[in-house]
Amino acid sequence: MKLSKKSVTVLSFTIGACLFVSTAFADTLLGSGYDRLKGSVKNTATLMEKDLKNYTIETLYTLKDNDQTLLQSSSTQKMDMEKQMQEDNTATKTAKGETTSRYTYSDKKQSVYKNGTDNTYYVTEYPANVNRKGPAEFNNPFKEKGAQEIEKIVDAVVGGLKDYVQVEEGQNGGKVYAGSLSEAQVPALMNAVSSFGIKQMLNKDKGFPDIESDVFVKKVVGSAVENKAGYLENITGDITLSGKDKNGTEHNLNLNIMVKLSEIGNTKIAAPDLTGANVEKVNYSGGFSSKYVGTYKNNIVMEKDGKFVKIGERTVEITSVDDGKVTGKYSETVNPGYESQYPDKDAFDFEYNPSTSTTFTYKNEKGEQKNGSIHQSNSGKIYFEMNIEIINENSYRSEFKPYYDGEFNRTFE
């Protein structure tokens, strides 16, 4: 079972809100715990972005339903900003006991990927003249687009709970933030946000209970440890929600997350030794060359009155392939009389550089920014994907438009 991008976003927001709420409780002699914690989170993000030479992040999150584990995931990520090296080991276990794992390594010269169910290491080597983005970069979430608006939402959710804070002096000059909320202390706004978020997350993924009604927060517990340097070393959040499925069965959902930042300045990363291993080389350019320049088309087909009917046409024009970078145009036309069946016709230019990203960005007919991708298929064919949702750096999924077909044939007119 994989979490979609929307689910991961909701999960992250819920955890973040719970952490702020559960640790940001009232003025003490040290001042507002909420404001101090938020300042520490921002300072930690800034240090990870600019000042920390190398570090290790360990993450564990567990989602349970009535004490049955639905999903558990653990990750150890090592970052070296100076040498531009990154290594990530992730393992996930589902309610059925199915376990998946993933290993990735990346530096300026190569990237290595291995899925736990596959004994093959997929290796991509990058020429020295390729302007590849550094693999070890931390994107500060507080500098992302819309971050200030999200912060205001979290502030609104916290509301009067700032009056409940516990802040204590920790060891070696640090601070400890800790707190908890019972069901009676949870404000209506937090219940509303959590209810919406948890239903969106659960109902988007198969295997999770279909929660429909009476969703509320029963308990929130959280803690964070800040060292004397002013950044967070340990974060723990725990939230319990209750809700009913369509049959009226009550579910108690518990979400627990633990994050640890460690080995600062002492994290060691080395390229994997692949001697004797099953290795498959992957072309950094995705295999595109000038022979792919040309026009590719397929039909927009719908079923009507028990028959297949062509209602329009899709066109991908690859205008150039230069050092692996693919540029081109995408467009759709709809036959007269079928406009109501296919009202949203996309048309955009694209630039795909596989040496820096697995996807390209474009704007759809509504002006919304989306992700797409292009791959080779059989001789004289390509595969063109749209509306991609990024799950993580190694996986994604597509939400296809109506009647969509991603395989395009070369025209030789």
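Only the coordinates and a few stated rules stand behind these numbers; no lab work does. In this text, all values refer to a predicted model and were calculated from it rather than measured experimentally. Here Cβ is always computed from backbone atoms with ideal geometry, including for glycine, and neighbour counts include all displayed protein chains.
What the table shows:
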{"read-out": "Which of 302, 386 has the fewest Cβ neighbours within 10 Å, and the rest in rising order", "value": "302, 386"}
{"read-out": "Computed log₁₀ I(q)/I(0) - Debye formula, equal Cα scatterers, no solvent, segment 306-410, q 0.13, 0.15, 0.24 Å⁻¹", "value": "-0.51, -0.67, -1.54"}
{"read-out": "In segment 309-405, lysine pairs with alpha-carbon atoms under 17 angstrom apart (chain gap of 8 or more, or interchain)", "value": "13"}
{"read-out": "DSSP-assigned coil residues among trypsin sites (Lys or Arg not before Pro) in segment 329-413, each with at most 10 further Cβ atoms within 10 Å", "value": "366"}
{"read-out": "Diffusion constant of segment 226-326 at 4 °C, which comes from Stokes-Einstein with the Kirkwood Cα-pair radius and 1.567 mPa s, µm²/s", "value": "58"}
{"read-out": "Segment 215-249: trypsin sites (Lys or Arg not before Pro) in DSSP coil with no more than 12 other Cβ atoms inside 10 Å", "value": "228, 246"}
{"read-out": "Summed side-chain charge close to residue 379 - residues other than residue 379 whose Cβ falls under 12 Å, Lys, Arg +1, Asp, Glu -1", "value": "+3"}
{"read-out": "Neighbourhood charge, 12 Å Cβ-Cβ cut-off, centred on residue 172 and excluding it, Lys, Arg +1 and Asp, Glu -1", "value": "-1"}
{"read-out": "Which of 118, 80 has the fewest Cβ neighbours within 10 Å, and the rest in rising order", "value": "118, 80"}
{"read-out": "Surrounding net charge for residue 408, when Lys and Arg each add one and Asp and Glu each subtract one, Cβ distance under 9 Å", "value": "+2"}
{"read-out": "Dipole magnitude (debye, nearest 20) for segment 290-410, charges at Cβ of Lys, Arg, Asp, Glu", "value": "340"}
{"read-out": "Linear extension gain, residue 216 paired with residue 389, 0.36 nm per residue minus alpha-carbon span", "value": "59.4 nm"}
{"read-out": "All aspartates and glutamates inside 13 Å of residue 297 as judged from Cα atoms, apart from same-chain residues fewer than 8 positions distant", "value": "313, 317, 332, 405, 407, 413"}
{"read-out": "Cross-link table 96/143; 96/268; 219/260, entries beyond 30 Å C-alpha to C-alpha", "value": "96/143; 96/268"}
{"read-out": "Computed over segment 227-285: relative contact order in percent, which uses C-alpha pairs under 8 Å that are six or more apart", "value": "29"}
